[in-house]
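Engineer: Once you've had a glance at the structure underneath, I'll fire off some questions.
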Amino acid sequence: MQTTDVETLYRQKIAECGGQWRMARMVSLFNSGRAMLEQRALSRNPSLEGDRLKVEVARLMYRKDPFVHRFLAERVRDYG
């Protein structure tokens, strides 16, 4: 796979930012994605709140991971 000049420049700039900045950026992106999934869960079921909302977000976030779904089904009440 051939990288473009833009990709190369992007990777160089990211590398220059340092580990702390990259970690903060990753956390920010994760939180943004989680917030979007939370809104999706609430649009489907506005009554979700607290732990039930967290479980639904986890189900959406890891929708293709059978281990997570088994874990939730075995350990979380009212999962479904």
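Engineer: Tell me, what ³J(HN,Hα) does each residue in segment 62-70 have, in order and in whole Hz, if you take phi through Karplus 6.51 cos²θ - 1.76 cosθ + 1.60 with θ = phi - 60° and put x for Gly and Pro?
Structural biologist: 10, 4, 9, 10, x, 4, 5, 5, 5
Engineer: Moving on. Please report, in debye to the nearest 20, how large the charge dipole of the chain is about its Cα centre when each Lys and Arg carries +1 at its beta carbon and each Asp and Glu carries -1 there.
Structural biologist: So the magnitude is around 160 debye.
Engineer: Output ³J(HN,Hα) for segment 31-37: one whole-Hz value per residue in order, computed from phi by the Karplus curve 6.51 cos²θ - 1.76 cosθ + 1.60 with θ = phi - 60°, and x for Gly and Pro.
Structural biologist: Here the 3J(HN,Hα) series is 5, 5, x, 5, 4, 5, 5 Hz.
Engineer: For n ≥ 4 DSSP H runs only, could you compute -39500 (n - 2.57) per run for the chain, divide by its residues and tell me the 222 nm figure to the nearest 500?
Structural biologist: -25000 deg cm²/dmol
Engineer: Counting other Cβ atoms within 10 Å, keep those with at most 15, restrict to DSSP loop, and tell me which GluC sites (Glu not before Pro) in segment 6-75 are left.
Structural biologist: Taking segment 6-75 and a limit of 15 other Cβ atoms within 10 Å, the loop GluC sites (Glu not before Pro) found are GLU49.
Engineer: Put a dot 7 Å past each Cα toward the Cβ at LEU29 and THR8; how far apart are the dots in nm?
Structural biologist: It works out to 2.2 nm between the two label points.
Engineer: Here's something else I'd like to know. Using DSSP to define loop residues, name the trypsin sites (Lys or Arg not before Pro) in the chain whose beta-carbon has at most 11 other beta-carbon atoms within 10 Å.
Structural biologist: Passing sites in the chain are ARG63, LYS64, ARG77.
A short reminder: the numbers here are calculations on the coordinates, not readings from a lab. What you are looking at is a predicted structure, and each value in this text was computed from that prediction instead of being measured. Counting neighbours? That spans all protein chains shown, and the Cβs are built from the backbone with ideal geometry, glycine included.
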